Amino acid sequence: VRRERRRVREQGIVFEHRTFIDQLSGTAPTDAVRIAGGVVNSPTWLQLFADVLSRPVETPNTPEVGSRGAAMLASVAVGVHENHDVASQRMTAVGEIFSPRAEIAQQLESRYKRFQALRPLVVDLPT
């Protein structure tokens, strides 16, 4: 029972992320999603994201993405790179890629649809 609750909690967290990613994808569709932060230290979470999103999940090749972003801004400011797009292309790279597992992604898709149907009932609950 404890393990099942944990699994459901984890899926709920990733389902909620998917809700927002899907909204953003409507304005800027993507074939893959890049994830940074503490979650990149957990292959289990990254695989869950890939399965729930039904698309590859990429991690950066460095844990210090904030520092790298600052360095990219500085490189443009001092003229090392002509603009932010060039700085990004030259200073970033993909670390690992987690691909969705088709059968599991399909199972999670049906759970996600149930999540979406129930979501309005809890979103506006007072805290």
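The values are calculated or read from the model by the stated rules, or taken from the named source; none is laboratory data. Worth saying up front: this structure is predicted, and the values here are computed from it rather than measured. Glycine also receives a Cβ, built like all others from the backbone with ideal geometry; neighbour counts cover every protein chain displayed. These accessible areas exclude ligands, DNA and RNA; they are computed on the full protein's heavy atoms, side chains included. Shrake-Rupley method; radii C 1.70, N 1.55, O 1.52, S 1.80 Å.
Conditions (1) open to solvent by 60 Å² or more (accessible area, probe 1.4 Å); (2) closer than 19 Å to Y112 by Cβ; (3) basic (K, R), marked per residue:
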| residue | (1), (2), (3) |
| --- | --- |
| R6 | yes, yes, yes |
| G12 | no, yes, no |
| G37 | no, no, no |
| T44 | yes, yes, no |
| A50 | no, yes, no |
| A71 | no, no, no |
| A74 | no, no, no |
| S88 | no, no, no |
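Would you check if there is a residue in the range 90-97 being open to solvent by 60 Å² or more (accessible area, probe 1.4 Å), part of a helix (DSSP H, G or I), closer than 22 Å to V8 by Cβ and among the basic types (K, R)? Within the range 90-97 (the criterion being open to solvent by 60 Å² or more (accessible area, probe 1.4 Å), part of a helix (DSSP H, G or I), closer than 22 Å to V8 by Cβ and among the basic types (K, R)), the answer is no, since none of the residues qualifies.
Taking R55 as meeting all but one of (1) over 14 Å from the mean Cα position of the chain (by Cα); (2) closer than 20 Å to S99 by Cα, write down the number of the exception. Unmet condition: (1).
Residues in the range 54-66: is at least one surrounded by fewer than 14 Cβ atoms within 10 Å (Cβ to Cβ) and closer than 27 Å to G26 by Cβ? Looking through the range 54-66, none of the residues is surrounded by fewer than 14 Cβ atoms within 10 Å (Cβ to Cβ) and closer than 27 Å to G26 by Cβ.
Taking into account only those residues within the range 98-127 that are polar (S, T, N, Q), open to solvent by less than 80 Å² (accessible area, probe 1.4 Å) and under 19 Å from the mean Cα position of the chain (by Cα), which is modelled with the lowest pLDDT? If we take residues in the range 98-127 being polar (S, T, N, Q), open to solvent by less than 80 Å² (accessible area, probe 1.4 Å) and under 19 Å from the mean Cα position of the chain (by Cα), then Q116 is modelled with the lowest pLDDT. Annotation: T44 fulfils all but one of (1) within 15 Å of I104 (Cβ to Cβ); (2) in contact (Cβ under 8 Å) with a residue 12 or more places away in the chain; the unmet one is (2). If you go through the range 52-69 one residue at a time, how many are under 30 Å from K113 (Cβ atoms) and either assigned to a helix (DSSP H, G or I) or in contact with a Leu (Cβ under 6 Å, 6 or more places away or on another chain) (or both)? The number of residues fulfilling the criteria is 3.
Scanning the range 76-86 for residues that are among the hydrophobic types (A, V, I, L, M, F, W, C) and surrounded by 14 or more Cβ atoms within 10 Å (Cβ to Cβ) turns up V76, V80, V86. If we scan the range 100-118, do we find a residue that is in contact (Cβ under 8 Å) with a residue 24 or more places away in the chain, part of a helix (DSSP H, G or I) and in contact with a Phe, Trp or Tyr (Cβ under 7 Å, 6 or more places away or on another chain)? Yes, some residue in the range 100-118 is in contact (Cβ under 8 Å) with a residue 24 or more places away in the chain, part of a helix (DSSP H, G or I) and in contact with a Phe, Trp or Tyr (Cβ under 7 Å, 6 or more places away or on another chain).
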